[in-house]
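Since the structure comes first, as C-alpha cells, the remarks are kept for the end.
The values are calculated or read from the model by the stated rules, or taken from the named source; none is laboratory data. As the structure is a prediction and not an experimental result, all values here were calculated from the model. Cβ placement follows ideal geometry from the backbone for every residue including glycine, while neighbour counts extend to all protein chains displayed.
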Amino acid sequence: MQHPDAWESVSGQTMGLELGYLQRLVAALPGGAVVVELGVCQGRSLCALALACQGTDKVVYGVDDFDPANPGYVTPDFDSTKANVERLGLGQWVRIVKSDSTRAGLDWRGPKVSLLFHDASHFYDKVKADLLAWLPHVEGYVCLHDYTGEDEGQIGVSQAANELLGKPIEVHPRLGVFRWTGEAKTSS
Ligand SMILES: C[S@@+](CC[C@H](N)C(=O)[O-])C[C@H]1O[C@@H](n2cnc3c(N)ncnc32)[C@H](O)[C@@H]1O
C-alpha cells in the first residue's frame, strides 16, 4: 500500500491542495465507483486519484491524447504515464485511455461516472465540448482544474462550467467543484 502522497514523485502541474481534496472525494465515493480524469500528462493527478482507490474496487480512467504539441511545461507522454502507474503499483486501479477527451466521452459505454475531473484543454470551446460529451454519463461530482484561473489560457474553464453546470458547491484556489445529477443544460 503506497502512501497517499506518493504522487509527488510524478512530474506535473497539479498541487497538494487540490489533489488532497480530490482524494478525499474519491475516498467518500461508494464501492465500485468509477472516476474519470480528462488530462493526464504524465499521470500526476491520475496517480493521486488511484492512490485514494487502493484497497477498494473503485477505478480511475485517465483520458489524454498524449499529443506532445499540447501546451504545458510538462510534455504529455503515454509511456511515462504507464511507467509511473506501474512504479507506484497502481495498475489495478487505473485504465489509461489514449483519446481526444471529447471523443472519449462520446464513445463512453462504461458505467455511470461518480467523479469527473477535468484538466484537459482549458479553452472555452473545448471545455464545453468535453462537458457536453461527458455530462450524460455523470452522476456525482464534476471538478475542474484551474476554475479560478483568470488569464486568457484559463478563463474558458469557468465560463464553460458556469454555463453548463450552474453554481459550484465549492471553489478552491485551483478547483471548481459541482454536483451533477444528470440534468444537462445543453442550450448553447
Ligand atoms: C494541464 S495538463 C494535465 C496535468 C495533469 N492533470 C497532471 O496532474 O499533471 C493538460 C493535459 O491535457 C491534455 N489534452 C489537451 N487537449 C486534449 C485533448 N483534446 N484531448 C485529450 N487530452 C488533451 C494534454 O495532452 C495534457 O496532458
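Of everything in segment 88-123 that's more than 16 Å from the chain's Cα centre (by Cα) and either buried (at least 20 other Cβ atoms within 10 Å of the Cβ) or free of Cβ contacts under 8 Å to residues at least 12 places away in the same chain (or both), which residue is farthest from the ligand (Cβ to nearest atom)? That would be Gln92. Residue under question is Asp79, and the condition is that it be near the ligand (Cβ under 8 Å from one of its atoms) and acidic (Asp, Glu); does it hold? Spelling it out, it is not the case that Asp79 is near the ligand (Cβ under 8 Å from one of its atoms) and acidic (Asp, Glu). Within segment 13-54, if we keep just the residues that are β-branched (Val, Ile, Thr), within 14 Å of the ligand (Cβ to nearest atom) and not in a strand (DSSP E or B), the residue that is modelled with the lowest pLDDT turns out to be Thr14.
The residues in segment 58-73 that are farther than 18 Å from Arg103 by Cα, modelled with pLDDT under 95 and either surrounded by 21 or more Cβ atoms within 10 Å (Cβ to Cβ) or within 6 Å of the ligand (Cβ to nearest atom) (or both) can be counted, and the count is 1.
Okay, residues lined up against (1) modelled with pLDDT under 95; (2) farther than 15 Å from Leu38 by Cβ; (3) away from the ligand (no atom under 16 Å from the Cβ):
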{"site": "Lys126", "(1), (2), (3)": "no, no, no"}
{"site": "Ala133", "(1), (2), (3)": "no, no, no"}
{"site": "Glu152", "(1), (2), (3)": "yes, yes, no"}
{"site": "Ile155", "(1), (2), (3)": "yes, yes, no"}
{"site": "Asn162", "(1), (2), (3)": "no, yes, yes"}
{"site": "Gly166", "(1), (2), (3)": "yes, yes, yes"}
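Scanning segment 1-12 for residues that are within 12 Å of the ligand (Cβ to nearest atom) and either in a loop (DSSP other than H, G, I, E, B) or surrounded by fewer than 24 Cβ atoms within 10 Å (Cβ to Cβ) (or both) yields Glu8, Val10, Ser11, Gly12.
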